[in-house]
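Participant: There's a structure below that I have some questions on.
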Amino acid sequence: MQKFTTLTGIAAPMPLINVDTDMIIPKQFLKTIKRSGLGANLFDEMRFDDDGKEIPGFVLNQPAYREAEILVAGDNFGCGSSREHAPWALLDFGIRCVIAPSFADIFYNNCFKNGILPIALPQDVVDVLMKDAEKGANARISVDLDAQTVTTSDGEVATFELDSFKKHCLLNGLDDIGLTMEKAASIDAFEAQAQAARPWA
Amino acid sequence: MSPKTLYDKIWDDHVAHEADDGTCLLYIDRHLVHEVTSPQAFEGLRMTGRKVRAPEKTIAVPDHNVPTTPGRDDPKNMTEDSAIQVAALDKNARDFGIHYYPVSDVRQGIVHIVGPEQGWTLPGTTVVCGDSHTATHGAFGALAHGIGTSEVEHVLATQTLIQKKSKNMKVEITGKLRPGVTAKDITLSVIGETGTAGGTGYVIEYCGEAIRDLSMEGRMTVCNMAIEGGARAGLIAPDEKTFDYVKGRPHAPKGAAWEAALTYWKTLFTDEGAHFDKVLTIKGEDIAPVVTWGTSPEDVLPITATVPAPGDFEGGKVEAVQRSLDYMGLTPGTPLSEIEIDTVFIGSCTNGRIEDLRAAAEILKGKKIAVKRAMVVPGSGLVRAQAEEEGLADIFKEAGFEWRLAGCSMCLAMNPDQLAPQERCAATSNRNFEGRQGRGGRTHLVSPGMAAAAAITGRLTDVREVM
């Protein structure tokens, strides 16, 4: 997994609440057997019309935001399905950071498995970042994972919280499975004990 | 020892390792697998030369992509990418030696219906699957939730999940349900109260007289939609109904093992005085037959209500409601019971079991549909066979419903069963997001009885009028 340390990029504003996983990547695109290539269909139904032509009004179709690396959105981002295709699509498009007042649980966790940093900030702070993002290509937002800060194009700094283990893995691009394998003895011990206590399970 | 909730008890019995910061490795007893969220996980194992650690605890079945029409065994009858995914699961199941119910097996069906049916789901177990409706299995007092594909790979390789403990939430449904009101109405009403984020960060325990009164299938319906309220998992403490359901199923413990299991299962309840971080209480008598009108599962109203207006809401929801009304083609003030329906879909992991089909058949007996199309998709081959034996299939067919083979079908447009743009559907499934059932498709979530009622009148209808 690619590590995430700092990011300075264009932020696309998406002032919608409850952006769900079907919006992020509609189910017909879940048929891939790969993790890559889904960027082409990110927000498909909002981005393209029935004939497959770009809808000009949609934020990621606008010239200023076609290279966006950050997304600023509303409450409960990523609600709905457990599909990891949602962060895969974001990543493949080029978005490595999503900022919102709140995230749905499974989506939030899935981001960390893919080198994407989801940042939860209070609504009033997100409002400031949304306005900044609306400035378009002139406005670049900076994110520093180690310092846990987000800096606006005007230099205003906001700090964010996140779980220290998740932060550590993201900063260092650590592979979850490799880390867990280091604790194999604990798993063996648990299995032996559980097998004795609850053999039917 | 301080009093524990049911969630606390199951959690504590499954922590294989705990780090200083509270991050745990949770041992997984049952790993259910389907064809959409697993290919990349198995590929990851191959690339790193890893095996499945506990193939005997890993159970797979294809359900999302499979057509529900005869001849579906033949890959030529699937779209190419669907066929590729199903073929990948066939191969992965063989190569890694896990339990598998292929399309040709009568026991095949929707993964969350097959798990309990085959006795894989047991009280007090941890159950995961790359699918958010894994919450269904919580009906057995199992800790069950959805995971992403990277986590699927992690569980395959290590039989554990990296998890931090959630908070405890209690949802109590007191009293009794009125006639015509079902488990589906309970679960939708709860989400209507909490919103789609009300349960985020929590595991919900459903309790109360109205929950106890539900059958196991009703309890599965309630837990199925815990995720739609934001909660990863929903739990109902096991009782005699649970034990009776599980007893004798193919993979349920037997003999001495059964007695031992029973002794343990009887300890699976929340202790007196245990702490819940959040509590919601709803009176069973206050719950009406409901429908969703918008594009979020929280957009719930009794069938007797009218389409709301954006001004009825606050904050970000105002714009969201306008967007929903535009997408759904609805005008504020329209009585919900006047909304005309094109299509009716009865099925899904929420309401695709035998009792759901019985409820629908009860309404449809001797009637004919007034909608353009209607289909019943049983949740598994065994449910299908039982429905045929009970004469339900005949009732559906005589009414004009298509009687299909088992699969996820029209719940989500990954197989041929899809809505056309602006086609309006009364569905017994669990999500009404934009495009869920097909691009531009309009979904109204309802109970099986309500779906049947809509089928015969051609509009969203109060099931109590046709009972």
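No lab work stands behind these numbers, since they all come straight from the coordinates. Everything numeric here is computed off the predicted structure, so don't read it as measured data. Because the Cβ atoms are built from the backbone with ideal geometry, glycine has one as well, and the counts that use them run over all protein chains shown.
Participant: Only bridges with both residues in chain B count here: give the DSSP antiparallel percent, nearest 5. Kindly include the intermediate steps, with their values, before the conclusion.
Facilitator: On the way: 13 of 53 bridges.
Of all bridge pairs located within chain B, approximately 25 percent are antiparallel.
Participant: Which one, A:Glu84, A:Glu161, A:Glu67, has the greatest fluctuation when you compute a Gaussian network model over chain A with C-alpha springs under 10 angstrom?
Facilitator: Highest fluctuation of the listed residues: A:Glu161.
Participant: In addition: May I ask for the net charge around B:Cys408, where only other residues with Cβ less than 9 Å from the Cβ of B:Cys408 are counted and Lys, Arg are +1 while Asp, Glu are -1?
Facilitator: In short, -2.
Participant: Please tell me the relative contact order of chain A in percent, rounded to the nearest whole number, where contacts are Cα pairs under 8 Å and at least six residues apart.
Facilitator: Here the relative contact order equals 26 percent.
Participant: Could you pull out the pairs from A:Lys3/A:Lys34; A:Lys27/B:Lys184; A:Lys131/B:Lys167 whose alpha carbons sit more than 32 Å apart here? Write out the running numbers ahead of the final one.
Facilitator: Details: A:Lys3/A:Lys34 20 Å; A:Lys27/B:Lys184 24 Å; A:Lys131/B:Lys167 34 Å.
Violating the 32 Å Cα-Cα cut-off are A:Lys131/B:Lys167.
Participant: Among B:Ile236, B:Val300, B:Thr263, which residue has its Cα positioned farthest towards the positive end of the charge dipole of the range B:222-336, with +1 placed on the Cβ of Lys and Arg, -1 on the Cβ of Asp and Glu, and the dipole taken about the Cα centre?
Facilitator: So the residue furthest toward the plus end is B:Thr263.
Participant: At a Cα cut-off below 19 Å, give the lysines reachable from B:Lys164, other chains included and same-chain residues fewer than 8 away excluded.
Facilitator: A:Lys113, A:Lys166, A:Lys167, A:Lys183, B:Lys4, B:Lys9, B:Lys278
Participant: Order these by the 10 Å Cβ neighbour count, fewest first: B:Leu177, B:Leu445, B:Leu262. Each step should come with its number before you reach the end.
Facilitator: Values: B:Leu177 20, B:Leu445 30, B:Leu262 16.
Fewest-to-most ranking of B:Leu177, B:Leu445, B:Leu262: B:Leu262, B:Leu177, B:Leu445.
Participant: I've got another one for you. Taking every DSSP beta bridge that has both residues in the range A:56-201, what percent is antiparallel when rounded to the nearest 5? Don't skip to the end; give the middle numbers.
Facilitator: Numbers: 6 of 14 bridges.
Within the range A:56-201, antiparallel bridges account for around 45 percent of the total.
Participant: Compute the separation of the alpha-carbon centres of the range B:106-179 and the range B:400-432 and state it in Å as a whole number.
Facilitator: 23 Å
Participant: What is the Cα radius of gyration of the range B:13-119 over 2.2 N^0.38 Å, N being its residue count?
Facilitator: Expressed relative to 2.2 N^0.38 Å, the Cα Rg reads 1.22.
Participant: What size of dipole, in debye to the nearest 20, comes out for the protein assembly as shown about its Cα centre when the only charges are +1 on Lys and Arg C-beta atoms and -1 on Asp and Glu C-beta atoms?
Facilitator: Working: 67 positive and 91 negative charges, 256 e Å.
Using Cβ point charges on Lys, Arg, Asp and Glu, the protein assembly as shown gives about 1220 debye.
Participant: Where does each of B:Thr242, B:Thr304 land when they are ranked from fewest to most other beta-carbon atoms within 10 angstrom? Walk me through the numbers before you get to the answer.
Facilitator: Values: B:Thr242 21, B:Thr304 13.
Ordered from fewest to most neighbouring Cβ atoms within 10 Å, B:Thr242, B:Thr304 come out as B:Thr304, B:Thr242.
Participant: According to the square roots a ≥ b ≥ c of the eigenvalues of the Cα gyration tensor, what is the shape class of the range A:110-159, taking rounded for a/c under 1.5, prolate for a/b larger than b/c otherwise, and oblate for the remainder? Walk me through the numbers before you get to the answer.
Facilitator: Values: a/c = 1.68, a/b = 1.60, b/c = 1.06.
Prolate shape, in that a/c is at least 1.5 and a/b is the bigger ratio.
Participant: Could you tally the net charge around A:Ile55, taking each other residue with its Cβ under 12 Å from the Cβ of A:Ile55, Lys/Arg +1 and Asp/Glu -1? Each step should come with its number before you reach the end.
Facilitator: Details: positive: A:Arg47, A:Lys53; negative: A:Asp44, A:Glu45, A:Asp49, A:Asp50, A:Asp51, A:Glu54.
Spelling it out: positives minus negatives among the neighbours equals -4.
Participant: To the nearest 20 debye, what is the magnitude of the charge dipole of chain B about its Cα centre, counting +1 on the Cβ of each Lys and Arg and -1 on the Cβ of each Asp and Glu? Each step should come with its number before you reach the end.
Facilitator: Working: 49 positive and 62 negative charges, 113 e Å.
Magnitude of the dipole: close to 540 debye.
Participant: For chain B, what does the helix formula give at 222 nm: sum of -39500 (n - 2.57) over DSSP H segments with n ≥ 4, over the residue count, nearest 500 deg cm²/dmol? Can you show the working numbers first?
Facilitator: Numbers: 16 runs with 148 residues, N = 467.
One gets -9000 deg cm²/dmol as the mean residue ellipticity at 222 nm.
Participant: So for the protein assembly as shown, considering every pair of alpha-carbon atoms, how many percent are separated by more than 50 Å? Show your work: numbers first, answer last.
Facilitator: Values: 15045 of 222778 pairs.
Taking all Cα-Cα pairs of the protein assembly as shown, the fraction more than 50 Å apart is 7 percent.
Participant: Another one. Run the helix sum for chain A: -39,500 (n - 2.57) per DSSP H stretch of 4+ residues, divided by residue count, reported at 222 nm to the nearest 500 deg cm²/dmol. Present the calculation step by step, with values, prior to reporting the outcome.
Facilitator: Numbers: 8 runs with 65 residues, N = 201.
Taking each H run of at least 4 residues, the total per residue is -8500 deg cm²/dmol.
Participant: Taking the dipole about the Cα centre of the range A:29-168, with the C-beta of Lys and Arg at +1 and of Asp and Glu at -1, give me whichever of A:Ala100, A:Met46, A:Pro87 is farthest to the positive side.
Facilitator: The residue sitting most towards the positive pole is A:Pro87.
Participant: Right, another one. Select from A:Ile99, A:Ile116, A:Ile177 the residue whose mean-square fluctuation is largest in a Gaussian network model of chain A (Cα-Cα springs shorter than 10 Å).
Facilitator: Ranking A:Ile99, A:Ile116, A:Ile177 by mean-square fluctuation puts A:Ile177 first.
Participant: How high is the relative contact order of chain B, in percent, counting Cα pairs under 8 Å that sit 6 or more residues apart?
Facilitator: Reported relative contact order: 17 percent.
Participant: Shifting gears a bit: Mind giving me the nanometre distance, one decimal, between the label points for B:Thr79 and A:Leu174, set 7 Å out from Cα along Cα→Cβ?
Facilitator: A separation of 4.0 nm, rounded to one decimal place.
Participant: Among B:Asp239, A:Asp50, rank each residue by its count of other Cβ atoms within 10 Å, from fewest to most, as a rough exposure measure. Please report the intermediate quantities before stating the final value.
Facilitator: Working: B:Asp239 17, A:Asp50 9.
The order, fewest Cβ neighbours first, is A:Asp50, B:Asp239.
Participant: Just name one of B:Leu45, B:Ala139, B:Gly284: the one whose Cα is farthest towards the positive end of the charge dipole of chain B (beta-carbon charges, Lys/Arg +1, Asp/Glu -1).
Facilitator: My answer, from the dipole projection, is B:Leu45.
Participant: Find the all-direction average of the projected area of the Cα convex hull for the range B:275-339, expressing the result in square nanometres with one decimal place. Intermediate values should be presented prior to the final figure.
Facilitator: On the way: hull surface 23.0 nm².
Orientation-averaged projected area of the Cα hull: 5.7 nm².
Participant: With the Cα gyration tensor of chain B in hand, convert its eigenvalues to equivalent ellipsoid semi-axes via √(5λ) and list them largest first in whole Å. Kindly include the intermediate steps, with their values, before the conclusion.
Facilitator: Values: eigenvalues 215, 145, 95 Å².
Taking √(5λ) for each eigenvalue gives 33, 27, 22 Å, largest first.
Participant: Can you compute 3J(HN,Hα) from phi for each residue in the range B:405-414, using the Karplus curve 6.51 cos²θ - 1.76 cosθ + 1.60 with θ = phi - 60°, rounded to whole Hz and x for Gly and Pro?
Facilitator: Using θ = phi - 60°, the values come out as 8, 6, x, 6, 6, 6, 4, 9, 6, 9 Hz.
Participant: What does the net charge come to around B:Thr343 if you take all other residues with beta carbon closer than 12 Å to its beta carbon, with K and R at +1 and D and E at -1?
Facilitator: Working: positive: B:Lys372, B:Arg373, B:Arg424, B:Arg442; negative: B:Glu340, B:Asp342, B:Glu402, B:Asp417, B:Glu423.
Result for the neighbourhood of B:Thr343: -1.
Participant: Suppose every K and R has +1 on its Cβ and every D and E has -1 on its Cβ; what is the size of the dipole of chain A about the Cα centre, in Debye to the nearest 20?
Facilitator: On the way: 18 positive and 29 negative charges, 105 e Å.
The calculated dipole for chain A is roughly 500 debye.
Participant: How long are the semi-axes of the ellipsoid equivalent to the range B:334-462, from square roots of 5 times the Cα gyration tensor eigenvalues, in whole Å, largest first? All intermediate terms of the calculation are to be shown ahead of the outcome.
Facilitator: On the way: eigenvalues 89, 58, 26 Å².
So the equivalent ellipsoid measures 21, 17, 11 Å along its semi-axes.
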